[in-house]
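Inspection log for the structure reproduced underneath, given as structure tokens.
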Amino acid sequence: MSDLELKPDEALCEPSGKPGPRAEFFPSREVPLGGVRGVTVFRSLPQRDLPTVGAWCFLDNFGSGSAAKPEGHDIDPHPHIGLQTVTWPLDGRIRHRDSVGSDVEILPGQLNIMTSGRGIAHSEYRVPGRESGAGLQLWIALPGDKAAVAPHFEQHRDLPEFELPGLHGIVLIGSLGDATSPAMAYTPIVGADLRLDADTTAALPLNPDFEHALLVIEGALDADGTKVEPGSLFYLGSGRNQLPLSSIHGAHVLLIGGEPYREELVMWWNFVARSHEEIEAARNDWENLDLGRFPDIAGHTPDQRIPAPPLPPLHLKPRKRRCGVPHD
């Protein structure tokens, strides 16, 4: 899932700015996905002034038609390089197939994580009769020395839980408190699904070396004195040992974080790379049906593949701007 719509001169980011706690809202935006059957998602990352949170570089909320639960999705075969995709369903059942031979169904509370490395292709479809298939899809940018690892896929049906009075968390990747996910991480990172009961007050432990952000999926909460509701990514910056949380009526929220990402990135379509040339080569390999890089997916025919859009008429190059840890 992508159709990344950054403008050509926004395609790269170079980290800058000062670390420290923040309290900034970045509104999610509606994005229609080409190659998908009339689907609109709500995208929280990347943002012009916040391309990454740690190594998290992409966050879509898909579902049944509103900001809280956008339309369900069926995603035809498409390629990735240089990243890990994280699929976290919120309802229904999703079928994942990919070019390394995976063919699995995933339910809420289970995690799919696919490492593209040099190249992988996959598809995702709702399973008929299993509600809308709402959920979250995120990308993690691989570090440069791991960008060409062999592609592989993991599914984790039993994930560690993190508990505080009135708060229940599931750790998708990385560690929260004493709970550590078995999912393979190539960079210091955390992702957790949190649910707060009504009339809850809790102090969520955080790694002060990480920057963090919250996305409210349902309900509302107060985070360190700021009211946070669905519709925006709430960026917390770094330097926090804990985050005071409270909710009157209860809330469902995603926490993401990690060490501020210090590498320049080119993000275009479904690709994360370090140069225009890497992007161009991956696009050409996909369009030319290079089965060495992007093998066929069992059960799909070549005409189901989503074609790559044309490259922009400009050379994708670095542009210094706020990235990961914003300026004052």
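The values are calculated or read from the model by the stated rules, or taken from the named source; none is laboratory data. Note that the structure is a prediction, hence the values are computed from the model and not measured. For neighbour counting, all protein chains shown are included, and Cβ atoms are generated from backbone atoms with ideal geometry for every residue, glycine included.
Tabulated data for the structure shown
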| item | result |
| --- | --- |
| Subset of the range 233-251 (residues that are of a type outside the set (Val, Ile, Thr) and surrounded by fewer than 19 Cβ atoms within 10 Å (Cβ to Cβ)) | Gly239, Asn241, Gln242, Leu243, Pro244, Ser246, His249, Gly250 |
| So Leu245, is it modelled with pLDDT of 95 or more, outside any helix (DSSP H, G or I) and within 27 Å of Gly117 (Cβ to Cβ) | no |
| Residues (over 14 Å from Gly231 (Cα atoms), among the aliphatic types (A, V, I, L, M) and either modelled with pLDDT under 90 or in a loop (DSSP other than H, G, I, E, B) (or both)) located in the range 36-95 | Val36, Val39, Ala55, Ile75, Leu90 |
| Some residue of the range 110-132 being part of a strand (DSSP E or B) and either among the charged types (D, E, K, R) or without any contact (Cβ under 8 Å) to a residue 40 or more places away in the chain (or both) | yes |
| Lone qualifier among Asp222, Asp209 - being farther than 21 Å from Gln110 by Cα, among the acidic types (Asp, Glu) and assigned to a loop (DSSP other than H, G, I, E, B) | Asp209 |
| Checking Tyr261 against (1) at pLDDT below 95; (2) buried (at least 22 other Cβ atoms within 10 Å of the Cβ); (3) more than 23 Å from Leu215 (Cα to Cα), the condition it does not meet | (3) |
| Residue within the range 292-302 that is touching a residue at least 40 places away in the same chain (Cβ under 8 Å), under 20 Å from Val149 (Cα atoms) and surrounded by fewer than 18 Cβ atoms within 10 Å (Cβ to Cβ) present | yes |
| Residue under evaluation Ala134, criteria (1) crowded, with 24+ Cβ neighbours inside 10 Å; (2) within 23 Å of Ala55 (Cα to Cα), criterion not met | (2) |
| Search result, residues across the range 228-263 that are among the charged types (D, E, K, R) and either over 20 Å from the mean Cα position of the chain (by Cα) or under 23 Å from Gly109 (Cβ atoms) (or both) | Arg240 |
| Selection status of Ala223, within 30 Å of Pro151 (Cα to Cα), buried (at least 19 other Cβ atoms within 10 Å of the Cβ) and modelled with pLDDT of 95 or more | no |
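A quick yes/no check of all residues on (1) touching an Asp or Glu at 6+ places or on another chain (Cβ under 6 Å); (2) closer than 22 Å to His96 by Cβ; (3) assigned to a helix (DSSP H, G or I):
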position: Glu278; (1), (2), (3): no, no, yes
position: Ala281; (1), (2), (3): no, no, yes
position: Trp286; (1), (2), (3): no, yes, yes
position: Arg293; (1), (2), (3): yes, yes, no
position: Gly299; (1), (2), (3): no, yes, no
position: Asp303; (1), (2), (3): no, yes, yes
position: Ile306; (1), (2), (3): yes, yes, no
position: Leu311; (1), (2), (3): no, no, no
position: Leu314; (1), (2), (3): no, no, no
